[in-house]
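As structure tokens, the structure follows; a few thoughts come after it.
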Amino acid sequence: MRFRRSLVAIAALAALAGCNKDKVVEPPAELVDIEATLAVHKIWSEGIGGGGEKLRLTLGVAGEGETVYAASRDGEVLAFDAASGRTQWKTKTGFDLSSGPGIGLGLVVVGSSDGDVVALDAASGKQRWKVRVPGELLSPALVERDQVIMRTAEGRLIALSSVDGKQRWAVEDLVPRLSLRGTATPVAAGEAVISGFDSGKVMSVTRDTGEVIWQVQVSTARGRTELERLADVDSAVRVSGSDVYAVGYQGRVAMLALDSGQIWWARDVSSYRGLAIDDDQIYVSSSNGEVIALRRRDGGVVWTQSGLKQRGLSTPAIVGQAVVVGDFEGYLHFLDRSTGKFVAREHPGGTRIAASPLVMGDRVYVVDEGGKVVAYRVGGSARS
């Protein structure tokens, strides 16, 4: 039943705008020509197959050292040389994958819609262990400190042993009758693990036992219909020092205290993708396709880029002095971090880029929903 409700909720983004027959649905913004001022060079591309576009799966890419890992819907997990794109290994898991890859502790962890969790050796691709957890898996695992921690679509945060996959602890939150298709990736913060939930809460729990430290309502359900009351926190929080930054769908972007969850400031912004941060600013892909930069200290708006409205943006990522986002037509857009102006645009493929771009140094790696992985080198002036 949960799987079916989630599929229905995919249409919520359009339905919220179109449920009133008298309301005009805003079409996706048409792209205008830009003068590229940032050099972006394609260095390799590879197809991994098994695209998840029909189910809106956000299988992403992950990187460590000089290796990039990717997974396909049809069950393959691949490791690529980050510089050349040469395949280092390829493993067939035998499952329809919907989660991952999550990396750490020498493991690559992926999950399925049926709750299957597979841990592979990061160097060779050989299977270390596999287990099944109760619930659909839609986001990468956190792999750190001898644990594999996953969020299920059924509202559970589950910690497994990184050695054999045995369950250490589990925490559960109430799942609304209707929610968006997606789950937040857990984030480590000292001795805590922090995750968002479909109820609109952000919860901090202890790493060792899963005991709840605090929980805060970031996104609050309001409205008359179930669609209007969607309030999921489906994106990973960002942690910097003693501060936590979170954003929810039809809710707020907020700065929380790491130790207590106290909200220091909040601003009305709706996002089902998430945010990125640097030393001074927060960058949010809003639900309506605006990219917004906010001051970290008080949430004040620095700039808003409205040229990508209704283009179904990915979570933003930061590369050098630019912010990069993908869209529903497979375009990559590079924006100046100071002004929000477009500085470059690329079109790696023809299908949606839903997963956040991966940044490793001056390289950006993206995978689209058709299963195409593309690597770019970013830097310098496009005019030189």
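The values are calculated or read from the model by the stated rules, or taken from the named source; none is laboratory data. Please read all numbers here as calculations on a predicted model, not as lab measurements. When we count neighbours, we look across all protein chains shown, and the Cβ atoms used for this are built from the backbone with ideal geometry, even at glycine.
Please work out if L230 is of a type in the set (A, V, I, L, M, F, W, C) and touching a residue at least 60 places away in the same chain (Cβ under 8 Å). So L230 fits the description; yes. What do you reckon, is A29 at pLDDT 95 or above and either buried (at least 18 other Cβ atoms within 10 Å of the Cβ) or not acidic (D, E) (or both)? For A29, the condition - at pLDDT 95 or above and either buried (at least 18 other Cβ atoms within 10 Å of the Cβ) or not acidic (D, E) (or both) - is met. Within region 294-324, the set of residues being in contact (Cβ under 8 Å) with a residue 40 or more places away in the chain, touching an Asp or Glu at 6+ places or on another chain (Cβ under 7 Å), surrounded by 18 or more Cβ atoms within 10 Å (Cβ to Cβ) and of a type in the set (S, T, N, Q) comprises Q310 only.
Within region 105-123, the set of residues being part of a strand (DSSP E or B) and either closer than 16 Å to E76 by Cβ or in contact with a Ser or Thr (Cβ under 8 Å, 6 or more places away or on another chain) (or both) comprises L107, V108, V109, V110, G111, S112, D116, V118, A119, L120, D121. Scanning region 130-155 for residues that are buried (at least 19 other Cβ atoms within 10 Å of the Cβ) and in a strand (DSSP E or B) returns L137, L142, V143, Q147, V148, I149, M150, R151, T152. When we screen A236, A257, A188 for residues that are hydrophobic (A, V, I, L, M, F, W, C), in contact (Cβ under 8 Å) with a residue 24 or more places away in the chain and surrounded by fewer than 21 Cβ atoms within 10 Å (Cβ to Cβ), the only hit is A188. Among the residues of region 220-279, those that are of a type in the set (A, V, I, L, M) and over 22 Å from D173 (Cα atoms) comprise A266, V269, L275, A276, I277. Residues in region 134-157: is at least one over 18 Å from P101 (Cα atoms), of a type outside the set (G, A, S), modelled with pLDDT under 90 and under 22 Å from the mean Cα position of the chain (by Cα)? Checking region 134-157: not a single residue is over 18 Å from P101 (Cα atoms), of a type outside the set (G, A, S), modelled with pLDDT under 90 and under 22 Å from the mean Cα position of the chain (by Cα). Within region 228-287, the residues that satisfy the criterion of being over 19 Å from W303 (Cβ atoms), of a type in the set (F, W, Y) and within 17 Å of the chain's Cα centre (by Cα) are Y249, Y272. Within region 105-125, track down each residue that is of a type in the set (G, A, S), more than 17 Å from L138 (Cβ to Cβ) and crowded, with 20+ Cβ neighbours inside 10 Å. Result: A119, A122.
Taking the listed residues D327, D336, the one that is under 21 Å from A29 (Cβ atoms), crowded, with 21+ Cβ neighbours inside 10 Å and among the acidic types (D, E) is D327, with no other qualifying. When you scan region 278-286, do you find a residue that is surrounded by fewer than 23 Cβ atoms within 10 Å (Cβ to Cβ), in contact with a helix residue (DSSP H, G or I) (Cβ under 9 Å, 6 or more places away or on another chain), more than 23 Å from D368 (Cβ to Cβ) and of a type in the set (D, E, K, R), even just one? Checking region 278-286: not a single residue is surrounded by fewer than 23 Cβ atoms within 10 Å (Cβ to Cβ), in contact with a helix residue (DSSP H, G or I) (Cβ under 9 Å, 6 or more places away or on another chain), more than 23 Å from D368 (Cβ to Cβ) and of a type in the set (D, E, K, R).
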